[in-house]
1. Just need the relative contact order of region A:31-93 here, percent rounded to a whole number, with Cα pairs under 8 Å and 6+ apart.
2. Using R₀ = 30 Å, calculate the FRET efficiency as 1/(1 + (r/R₀)^6) where r is the Cβ-Cβ separation of residue A:184 and residue A:32; round to 0.05.
3. If I take every Cα pair under 8 Å that is 6 or more residues apart in region A:1-71, average their sequence separation and divide by the length, what percent do I get for the relative contact order?
4. Out of all DSSP beta bridges with both ends in region A:89-241, state the antiparallel percent to the nearest 5.
5. I need A:208, A:238 ordered by Cβ neighbour count within 10 Å, fewest first.
6. What is the order of A:11, A:77, fewest Cβ neighbours within 10 Å to most?
7. Using Cβ contacts closer than 10 Å as the measure, can you line up A:60, A:160 from fewest to most?
8. Which shape class applies to region A:163-235: rounded if a/c is under 1.5, otherwise prolate when a/b exceeds b/c and oblate if not, where a ≥ b ≥ c are the square roots of the Cα gyration tensor eigenvalues?
DNA sequence: TCTGGGGTCCTAGGACCC
DNA sequence: TCTGGGGTCCTAGGACCC
């Protein structure tokens, strides 16, 4: 038996705790640059403000109903999260902290799970002021379903989903898109096959499910049928990738501004790496143009993966690798990869060495590639620059060749598409 | 005018070797 | 010179989560 504890409207609740004036008021928390709504209080939800909606679409609602608006304060949220999690861990040591506001608890062998959950819920409220919903069931996926019911339909905020009839009925009521593990793509696909509820999905054969949704989808459906497939991950996990990425408020047209930003983010990545005592084996940098800007008919991504000869967590080395990578994208010392995506190269000892256009013997082809990259360069940095670092757990190695034949094949395909 | 940031995992298909 | 089956490794891309 597993319990899923989920904090209600977590970021919004955190803001409310320290400000009595905004209790029971509509409040929203906005993302970086005040772009999107990423948390809402119940009152804000009732005004029809949607999760993930761009803030500008809701400005009139904010004004009309005097909605309180906050920018994110992650220091506050993670501090409160830690407090909640330690209360949970005190009650049940076998705990998987699933996200900043959610945890799975091992409830096996508990004779009165609902009573226990009630005690936890009270304690968290009493000691932190955060209200939580708790769903209890035999598998993680069913606990998710139970939690949804606890949050929406039950006053006590606690729901134990165990008898077969009840499970069947709740799955019949659950729209397929709301199921844990079914996102936008899968729900579109499943609806094409006439599957609208979680129950209808459980009626499909195992082979059909695996064919269409991979092994992960099959595990999820088995869990809906009551067979545990996802274990509780109670051990601490090192991060396998670390990333800093930002969207700019305005388009960026100066290379110097890009390098400045890239340095900052690279430096921050280094700090995060050192904090968990890891080293990066590869560094990936990428830049994306504004996907919502319609006048530029193609949107571009510039991606460069740098394979470090020696894994490192030295911020200065990471910064210099990132900057030389960025410069090489900018100088177009690189190979166009496929529509909207450029470059992948190898950087021994932080020196960018990429294949250049000179390597392309076919003059016509070379010309078309250069045109394509020009188009990319022109639209650079209009909106987004990202720096990610990953792979420090993976085997690192210095590649002997700049480009594999396979890569070239894909470029040929691309050229077919573009011409 | 204004659309987030940080993660994980699986799979198909090519490279390469025997 | 041509053909081939089987295995492993790697990576790009696609899916998902909060």
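Values in this text are rule-based calculations from the coordinates and carry no lab data. Since the model is a prediction, treat every value here as computed from it, not as a measurement. When we count neighbours, we look across all protein chains shown, and the Cβ atoms used for this are built from the backbone with ideal geometry, even at glycine.
1. 29 percent
2. The value I calculate is 0.85.
3. 31 percent
4. 60 percent
5. Arranged by neighbour count, lowest to highest, A:208, A:238 become A:238, A:208.
6. With the sparsest Cβ surroundings first, the list reads A:77, A:11.
7. A:60, A:160
8. Details: a/c = 1.58, a/b = 1.15, b/c = 1.37.
It comes out oblate by the Cα gyration axes.
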